[in-house]
Amino acid sequence: MHARRTFAKLPLTLVLLVQFLNTTLRLYGADEPDETAAATRDTAKPMFQYQSAGIEVPAATADEPKVEAFGPETILAARQYLDDGAHYWVREQGCIACHSTGTYMVERSALTLWLGSPSDEVRADFIAAVPEVNAMAGDVAFVSVWRSSGLAAWDKHVTGILSEPTDRSLHSTMMQLEPEGFFRTYTEAEIPHISTHFEVTVQAARAVVNAPGWLANLTDAGTIERIERMKKFLGEHVPVNDYELALKLQLASLMPELVPQQQREAAIEMLWRLQQPDGGWSTRRMSPTQMWHDEMAPVTVSMIESEPDAAAPASDPYMTGFAIVLLREAGIPATDERIQKGIVWLRENQRVSGRWWMKSLFRDTYHYITYISTAQALRALALCGEIPQLAR
C-alpha cells in the first residue's frame with residue numbers, strides 16, 4: 001500500500017513497476033478486467049464515503065438534507081469534512097489522488113486565511129511521496145503534477161517560503177513533460193481535474209507559479225527549457241470544449257502572457273451565457289460527453305447520458321464554485337448580481353454533513369466529486385466575502 005514511500009531505496013526498474021501498478025490498479029480503482037465487471041462495480045453502493053479510525057463519513061447521496069441556514073457552523077462542518085476525507089485517504093490508501101488529498105492540499109491550503117492551517121499529516125504524506133533525485137524517472141506525470149501543486153500551494157498560503165521537498169518535487173514533475181509540452185493524464189476520464197492533458201498541464205502551471213520564488217530563481221537549463229515548452233503548449237492549445245476554454249481563464253490568472261485578451265473575454269462571455277436561471281452552473285453543460293477525454297469508456301458514457309436531466313443538465317456545486325472562482329480571479333467584483341445569484345445557489349445547496357453533494361461523472365459509487373465540489377464551493381464563498389476568519 002505504501003511502497004511509494006521507499007522509492008529512493010529501490011532499483012529504478014522496481015520503481016517503475018510499483019508506480020505503474022499503483023496508478024493503474026489502485027489510484028482510481030481500475031481493477032476490473034472488462035466492462036461487465038466495471039458495471040457491477042458501479043452499482044455497489046458503499047455505506048461510507050470515508051471510514052477509518054475515528055472517521056465515519058456516510059455515503060454521499062442526493063437525498064441528504066440541505067442545511068437550514070448557511071453560516072459559521074456549516075462552514076466548520078465543511079472544514080471537518082475536508083479534513084476527514086484527506087485523513088482517510090492518507091491512512092487507508094496508498095496514493096496521492098486528485099479527487100481527495102490533491103484537492104485538499106491545493107484548495108484547502110488556499111483557504112488558510114479563512115479556515116486556519118491545513119493538516120500537517122497530509123503534507124507529510126506528500127513529502128514522503130517526493131522521489132529522491134535518483135528515482136525521478138519513475139514519477140507518474142499526473143500524480144506528480146498534483147503532488148507538486150499541493151506542496152506549492154502549501155508553501156504559498158501556509159508558510160510563504162519555498163521548501164526543499166517542493167523544489168525537488170517540481171524538478172521531478174518537469175521531467176515528466178512530454179516532448180509536445182503537455183503532461184499526460186490518466187487513461188480513464190476523471191471529470192474534473194484530469195479530464196485532458198491540457199487540464200493537467202494547467203495544474204502544472206499552477207504549481208510552478210504558486211511555489212514562492214521557484215520560477216524566478218531557476219538556473220537549471222533543462223528545467224527552464226521544459227518550462228518554455230510547457231508554456232508554448234498552453235498558449236497555443238485550442239480548447240476542445242467550453243470547459244477547456246474556462247481553463248484558459250484560469251491560465252490567464254497564472255501566466256497572463258499566454259492568454260490574449262480576446263480569449264479571456266470569450267471565456268467570460270461563455271461563463272455568463274451558461275449560467276442557469278437558478279444562478280448555478282452545470283459541469284455537464286461544459287462539454288459533449290464524448291469530448292471530455294480522448295476515449296470515453298462506454299460505462300461512463302452510458303451513466304452520463306442516462307441521467308434523467310441529460311437533455312438539460314441541472315446546476316451543480318463544482319461548476320458553480322469553479323465559475324465564480326474564475327470570474328473573481330478575472331476581476332469581476334463579488335457585488336456583480338450574477339455572481340451573487342451563484343453565491344445564493346451555493347448557500348442554499350450545502351448539505352447537513354457540511355459537504356456539497358454532486359453525482360460523479362466517472363462512476364456511480366463513492367462520488368468523490370462531492371469532495372472536489374465542497375472545496376471549490378468554499379473557495380468561491382471565501383473570494384466573495386461569505387466566509388469569516390474562523391477560530392483556528
| said: Going by what's in this entry, would residue 313 be described as out of contact with any strand residue (DSSP E or B) (no Cβ under 9 Å at 6 or more places or on another chain), buried (at least 16 other Cβ atoms within 10 Å of the Cβ) and free of Cβ contacts under 8 Å to residues at least 40 places away in the same chain? | reply: yes
| query | Cβ-Cβ below 7 Å, separation at least six or inter-chain, first residue in the range 197-217 and among the charged types (D, E, K, R), second in a helix (DSSP H, G or I) and open to solvent by 10 Å² or more (accessible area, probe 1.4 Å): which pairs? | reply | 206/254
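One line per residue, one yes/no per condition, for (1) touching a Lys or Arg at 6+ places or on another chain (Cβ under 9 Å); (2) open to solvent by 40 Å² or more (accessible area, probe 1.4 Å); (3) modelled with pLDDT of 95 or more; (4) farther than 16 Å from residue 105 by Cα:
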site: 352; (1), (2), (3), (4): yes, yes, yes, yes
site: 357; (1), (2), (3), (4): yes, yes, yes, yes
site: 364; (1), (2), (3), (4): yes, no, no, yes
site: 372; (1), (2), (3), (4): no, no, yes, no
site: 380; (1), (2), (3), (4): yes, no, yes, yes
site: 383; (1), (2), (3), (4): yes, yes, yes, yes
site: 391; (1), (2), (3), (4): no, yes, no, yes
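Are any residues in the range 191-228 open to solvent by 40 Å² or more (accessible area, probe 1.4 Å) and either part of a helix (DSSP H, G or I) or of a type in the set (Ser, Thr, Tyr) (or both), and if so, which ones?
209, 219, 221, 224, 225, 226, 228, listed by residue number.
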| query | Of all the residues that make up the range 250-296, how many are open to solvent by less than 40 Å² (accessible area, probe 1.4 Å) and either aliphatic (A, V, I, L, M) or under 21 Å from the mean Cα position of the chain (by Cα) (or both)? | reply | 22
| task | Taking residue 36 as the residue in question, decide whether it is modelled with pLDDT of 50 or more, surrounded by fewer than 16 Cβ atoms within 10 Å (Cβ to Cβ) and either in contact with a strand residue (DSSP E or B) (Cβ under 9 Å, 6 or more places away or on another chain) or closer than 29 Å to residue 300 by Cα (or both). | result | no
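With the condition kept exactly as written, say whether any residue in the range 324-332 is more than 21 Å from the chain's Cα centre (by Cα), in a loop (DSSP other than H, G, I, E, B) and loosely packed, with under 15 Cβ neighbours inside 10 Å. First the steps, then the outcome.
Let us first name the residues in the range 324-332 that are more than 21 Å from the chain's Cα centre (by Cα), namely 331-332.
Then drop every residue that is not in a loop (DSSP other than H, G, I, E, B), which leaves 331-332.
Okay, now just the ones that are also loosely packed, with under 15 Cβ neighbours inside 10 Å, so 331.
Within the range 324-332, one or more residues are more than 21 Å from the chain's Cα centre (by Cα), in a loop (DSSP other than H, G, I, E, B) and loosely packed, with under 15 Cβ neighbours inside 10 Å.
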| task | Could you list all residues from the range 158-190 that are touching a helix residue (DSSP H, G or I) at 6+ places or on another chain (Cβ under 7 Å), under 13 Å from residue 123 (Cα atoms) and either in contact (Cβ under 8 Å) with a residue 60 or more places away in the chain or surrounded by fewer than 21 Cβ atoms within 10 Å (Cβ to Cβ) (or both)? | result | 158, 163, 165
| said: residue 142 - would you say it is touching a residue at least 24 places away in the same chain (Cβ under 8 Å) and touching a strand residue (DSSP E or B) at 6+ places or on another chain (Cβ under 6 Å)? | reply: yes
| request: Taking only the range 351-384 into account, find how many residues are touching a helix residue (DSSP H, G or I) at 6+ places or on another chain (Cβ under 9 Å) and on the phi > 0 side of the Ramachandran plot. | output: 1
| Out of the range 276-307, which residues are in a helix (DSSP H, G or I) and among the charged types (D, E, K, R)? | 284, 285, 305
| message | Checking the condition open to solvent by less than 10 Å² (accessible area, probe 1.4 Å), part of a helix (DSSP H, G or I) and of a type outside the set (S, T, N, Q), which residue from 143, 122 passes? | response | 122
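So which of 80, 93 is over 23 Å from residue 190 (Cα atoms) and either at pLDDT below 95 or under 20 Å from the mean Cα position of the chain (by Cα) (or both)? Lay out the reasoning, then the answer.
Numbers: 93 fails: over 23 Å from residue 190 (Cα atoms).
The conditions single out 80.
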| request: Please specify each residue of the range 333-378 satisfying the condition of being within 24 Å of residue 47 (Cβ to Cβ), in a helix (DSSP H, G or I) and in contact with a Pro (Cβ under 9 Å, 6 or more places away or on another chain). | output: 369, 370, 372, 373, 374
| Which condition does residue 113 not pass, out of (1) in a helix (DSSP H, G or I); (2) over 15 Å from the mean Cα position of the chain (by Cα); (3) crowded, with 19+ Cβ neighbours inside 10 Å, if it passes all the others? | (3)
| query | Of all residues in the range 229-240, which are surrounded by fewer than 16 Cβ atoms within 10 Å (Cβ to Cβ) and either in contact with a strand residue (DSSP E or B) (Cβ under 6 Å, 6 or more places away or on another chain) or outside any helix (DSSP H, G or I) (or both)? | reply | 238
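Condition check: acidic (Asp, Glu) and over 18 Å from residue 85 (Cβ atoms). Does residue 107 satisfy that?
no
Taking the stated definitions as given, is residue 320 in contact with a strand residue (DSSP E or B) (Cβ under 8 Å, 6 or more places away or on another chain), crowded, with 24+ Cβ neighbours inside 10 Å, within 16 Å of residue 108 (Cα to Cα) and in contact (Cβ under 8 Å) with a residue 60 or more places away in the chain? Before you say what the answer is, go through the steps one by one.
On the way: in contact with a strand residue (DSSP E or B) (Cβ under 8 Å, 6 or more places away or on another chain): yes; crowded, with 24+ Cβ neighbours inside 10 Å: yes; within 16 Å of residue 108 (Cα to Cα): no; in contact (Cβ under 8 Å) with a residue 60 or more places away in the chain: yes.
The answer is no for residue 320.
The values are calculated or read from the model by the stated rules, or taken from the named source; none is laboratory data. Keep in mind that this is a model prediction, so the values were computed, not measured. Please note: Cβ atoms are built from the backbone with ideal geometry, for glycine as well, and neighbour counts cover all protein chains shown. Note: areas computed on protein heavy atoms with side chains; ligands, DNA, RNA excluded. Shrake-Rupley method; radii C 1.70, N 1.55, O 1.52, S 1.80 Å.
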